[in-house]
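This report refers to the structure that appears directly beneath it.
The values are calculated or read from the model by the stated rules, or taken from the named source; none is laboratory data. None of these values were measured; they are calculated from a predicted model. Using ideal geometry, Cβ is built from the backbone for each residue, glycine included, and neighbour counts are taken over all protein chains shown. Surface areas here come from the heavy atoms of the whole protein model, side chains and all, with no ligands, DNA or RNA. Shrake-Rupley method; radii C 1.70, N 1.55, O 1.52, S 1.80 Å.
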Amino acid sequence: MTFERENVRRMAGYVPGEQPRRAVAKLNTNENPFPPCDAVLATLAGIDGEMLRRYPDPTAWGFRTAAARLHGLTPDHIVATNGGDELLRLALTTFLPPGAPLGLAEPSYSLYPVLAAVHDSPLCPVPLADDWSVPADIARQWNRAGARLAILVNPHAPSGRLTAAQELAEVARTFKGVLVIDVQNRLWSGTEA
Ligand SMILES: Cc1ncc(COP(=O)(O)O)c(C=O)c1O
């Protein structure tokens, strides 16, 4: 007898990217090639053990206020999570009714189908063009499939191709659900495209 949900039982375990022990230029898991700057390391080294006895502020108010100030937003615009993966999972939980398709470009970040499988939602994957560009009718294809949430990664993983902000805005205007733009690296901001 098993107790797992049927959709979880069908899933296979995660196979992590290769983690070589030798000193190599490791590019396979999107890690930062550089260590944190000295100011970050000094702040980490200065953490008072007393601070770690308690849960942190549950609303992450200090962080959200500082991040909002940096980006010209309000704290209500900022969600604090343990990495981007947790935010993606929250997006599915919040916006995608189980059973409704998740709109994707194909290929893209391998976690998206995993989150959809956990959520018990099918996929609506739209193949990218040969030059990795986003097809002009991608939002209409998602709409036809009944997708309520769609995710585009930009710059694209795995190709690194950057889609212009105007193109993404057009997709967002046409798509009838919530469009998440998973911005992979902070060298890019919407105003630069
Ligand atoms: C496209 C994309 N989104 C989100 C993530 C998650 O990043 P993290 O949880 O480390 O912030 C990754 C990590 O590889 C990624 O490639």
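When restricted to Cα atoms, the range 82-192 yields an Rg and a Dmax of 13.0, 37 Å, respectively.
The residues of the chain expose, per residue, 71 Å² of accessible area to a 1.4 Å probe. Taking label points 7 Å from Cα along the Cα-to-Cβ direction, A23 and T81 give a separation of 3.7 nm. Ordering 159-166, 118-125 by mean Cβ neighbour count within 10 Å, with the highest value first, yields 118-125, 159-166. Amide H contacts for S121 (H built 1.01 Å from N in the peptide plane; partners 5 or more residues away or on another chain; cut-off under 5 Å): G99.
Relative to the longest principal axis of the Cα atoms of the chain, the long axis of helix 61-71 makes an angle of roughly 70 degrees. Relative to the longest principal axis of the Cα atoms of the chain, the long axis of helix 83-95 makes an angle of roughly 40 degrees. Summing +1 for each Lys or Arg and -1 for each Asp or Glu among the other residues whose beta-carbon sits under 13 angstrom from that of Y112 gives -2.
Electrostatic tally near E170: other residues with Cβ closer than 12 Å to its Cβ, Lys and Arg +1, Asp and Glu -1, net 0. Report D for the chain in µm² per second (integer): Stokes-Einstein, Kirkwood Rh on Cα pairs, 10 °C, 1.306 mPa s. D, rounded to a whole number, is 82 µm²/s. When the square roots of the Cα gyration tensor eigenvalues are ordered a ≥ b ≥ c, the ratio a/c for the range 2-54 is 1.5 or more and a/b does not exceed b/c, which makes its shape oblate.
Taking Cα atoms only, the orientation of helix 165-174 departs from the longest principal axis of the chain by about 50 degrees. Reported to the nearest whole Å, the Cα centre-to-centre distance from the range 101-160 to the range 41-76 is 33. Applying 1/(1 + (r/R0)^6) with r as the Cβ-Cβ distance of Q184 and N7 and R0 = 30 angstrom yields a FRET efficiency of 0.60.
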